[in-house]
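The values are calculated or read from the model by the stated rules, or taken from the named source; none is laboratory data. This structure is a prediction, so every number in the text was calculated from the model and none was measured. Positions of Cβ are backbone-derived with ideal geometry, glycine not excepted, and every protein chain shown enters the neighbour counts. Surface areas here come from the heavy atoms of the whole protein model, side chains and all, with no ligands, DNA or RNA. Shrake-Rupley method; radii C 1.70, N 1.55, O 1.52, S 1.80 Å.
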Amino acid sequence: MKTALIAIGAVLGLLVLAGVAVRVPAVEDHLFETALARATGGPRVPLFDGDGLKVFFCGTGSPLPSKKRAQTCTAVFAGDRFFLVDAGTGSWENIQAAGIPGAKLGAIFLTHLHSDHIGDLSEANLGSWVGGRPGKLPVYGPDGVVGVVEGENAAFAADNVYRTLHHGEAIAPPDRAGMIPLPFNAAEPIVIYEQDGLKVTAFEVAHAPVSGASGFRFDYKGRSVVVSGDTAYSDNLVANAKGVDLLVHEAQANHMVAKMQAAAAGAGAANTAKIFADIPSYHATPEEAARAANEAGAGQLVLTHLTPAPDNEISRRIFMRGVAKVRSQNVKLAEDGLLVLLPEAGGADFVKL
Ligand SMILES: [Zn+2]
Ligand SMILES: [Zn+2]
């Protein structure tokens, strides 16, 4: 008994000492410098080694709020460059937190122009520009992308001038400021980018009444990724995802949305209830995404743009209810910070950056 009391006393004493120690400026400085070294050490996995394709989930949420997920964003790494499919609000912070150098951002591909896909365009533009991007930032998108990009350029014109005044033309060169809109029409599948062995094909998906919503297929060194964008179950997606190594498909658990609609109606939130009643028609359920992956013969399926965001174990189980009956393996829920490696030699590895 006495020994136990002495041991407890010793532990408490150490805790008090530790509490005092972290208030000593030299100890505080050491902890800060250690954290800085970790934060500035760059990604812990080589991302630009050119070994096949890599996919980083920079945003896996939807317009419904989640403290754990940025709005939608998928980064694809090929060779010495990376590319963003959509840039939802909060996603550039995930790119920065992972230590990914903004200078290597080659282009942004927009699946469509809904707000949850374009909210961080200005952050991606600024971060890659002052990071050392070699030119203006190309932004590929459907009809309407010119207005979005020109509007963003106009909104941040004053900011661009200030950045150059702050940091000089070497860091913030005016001739590389801003984005260039590159509209495409994916009514028929169309190759919108082909450079250094990377081919990006856009194809139409089902997101009515949004016109021109598309998905993208990336092919590089024999490996392939399809990002669905926002879509209900789509035959055209299945056709364009044939044999793909990784299908990144949006998913909305309509059985959960139905309960959310009832709860909103019960609480007298009529507008919210109406929105929850509307959204099932233009998104795919987890089971539909699994069926699309099977029909396409996709090697791996990762679900993203998760509505509602399943941020704990119980909600994840509810979200995925019924999926195992359609596809029992090689299906996963995305989370912010997930990295999928598709090396040239084959296979797929999942790590957290
Ligand atoms: Zn969306
Ligand atoms: Zn959408």
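Candidates in segment 51-69 are the residues that are open to solvent by less than 10 Å² (accessible area, probe 1.4 Å) and not in a strand (DSSP E or B); of these, the one that is nearest to ASP230 (Cα to Cα) is SER62. Applying a threshold of 6 Å to beta carbon distances and a minimum spacing of six or more residues, or different chains, the list of pairs starting in segment 107-121 at a residue that is among the aromatic types (Phe, Trp, Tyr) and ending at one that is open to solvent by 10 Å² or more (accessible area, probe 1.4 Å) and more than 9 Å from ligand 2 (Cβ to nearest atom) reads PHE109/TYR140.
Pairing residues of segment 38-65 that are closer than 13 Å to VAL76 by Cα with residues that are among the basic types (Lys, Arg), at Cβ distances under 7 Å and at least 6 apart in sequence or on separate chains, gives LEU47/LYS54; PHE48/LYS104; GLY52/LYS221; GLY52/ARG223; LEU53/ARG223; GLY59/ARG69. Screening VAL226 on (1) more than 23 Å from THR111 (Cα to Cα); (2) of a type in the set (Val, Ile, Thr); (3) more than 15 Å from ligand 1 (Cβ to nearest atom); (4) buried (at least 18 other Cβ atoms within 10 Å of the Cβ) shows it passes everything except condition (1).
For segment 110-169, the set of residues classified as closer than 23 Å to HIS283 by Cα, surrounded by fewer than 16 Cβ atoms within 10 Å (Cβ to Cβ) and more than 16 Å from ligand 1 (Cβ to nearest atom) consists of ASP143 only.
Would a scan of segment 333-344 turn up a residue that is touching a residue at least 40 places away in the same chain (Cβ under 8 Å), on the phi > 0 side of the Ramachandran plot and assigned to a loop (DSSP other than H, G, I, E, B)? Checked against the condition, which is being touching a residue at least 40 places away in the same chain (Cβ under 8 Å), on the phi > 0 side of the Ramachandran plot and assigned to a loop (DSSP other than H, G, I, E, B), segment 333-344 yields at least one hit.
Here's the yes/no breakdown for (1) in contact with a Pro (Cβ under 7 Å, 6 or more places away or on another chain); (2) farther than 26 Å from GLY197 by Cβ; (3) at pLDDT below 95; (4) among the charged types (D, E, K, R):
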site	(1), (2), (3), (4)
VAL45	no, no, yes, no
ASP51	yes, no, no, yes
ALA70	no, yes, no, no
ALA75	no, no, no, no
GLY79	no, no, no, no
GLY131	yes, no, no, no
LYS136	no, no, no, yes
GLY144	no, yes, no, no
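Restricting segment 196-222 to residues that are open to solvent by 40 Å² or more (accessible area, probe 1.4 Å) and more than 15 Å from ALA241 (Cβ to Cβ) leaves a set whose member that is nearest to ligand 2 (Cβ to nearest atom) is VAL210.
Here's the yes/no breakdown for (1) of a type outside the set (D, E, K, R); (2) part of a strand (DSSP E or B); (3) under 20 Å from PHE216 (Cα atoms); (4) touching a Lys or Arg at 6+ places or on another chain (Cβ under 9 Å):
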{"residue": "GLY99", "(1), (2), (3), (4)": "yes, no, no, yes"}
{"residue": "ALA103", "(1), (2), (3), (4)": "yes, no, no, yes"}
{"residue": "VAL161", "(1), (2), (3), (4)": "yes, no, no, no"}
{"residue": "ALA170", "(1), (2), (3), (4)": "yes, no, no, no"}
{"residue": "ASP175", "(1), (2), (3), (4)": "no, no, no, yes"}
{"residue": "PRO181", "(1), (2), (3), (4)": "yes, yes, yes, no"}
{"residue": "GLU188", "(1), (2), (3), (4)": "no, no, yes, no"}
{"residue": "TYR193", "(1), (2), (3), (4)": "yes, yes, yes, yes"}
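GLY347 fails exactly one of the following numbered conditions: (1) touching a strand residue (DSSP E or B) at 6+ places or on another chain (Cβ under 8 Å); (2) surrounded by fewer than 14 Cβ atoms within 10 Å (Cβ to Cβ). What is the number of that condition? GLY347 satisfies every listed condition except (1).
If you take the residues in segment 110-142 that are assigned to a helix (DSSP H, G or I) and within 16 Å of ligand 2 (Cβ to nearest atom), which one is nearest to the chain's Cα centre (by Cα)? Out of the qualifying residues, it is HIS117. For segment 76-105, taking the residues that are surrounded by fewer than 24 Cβ atoms within 10 Å (Cβ to Cβ) and within 27 Å of ASN312 (Cβ to Cβ), the one that is nearest to ligand 1 (Cβ to nearest atom) is identified as THR89.
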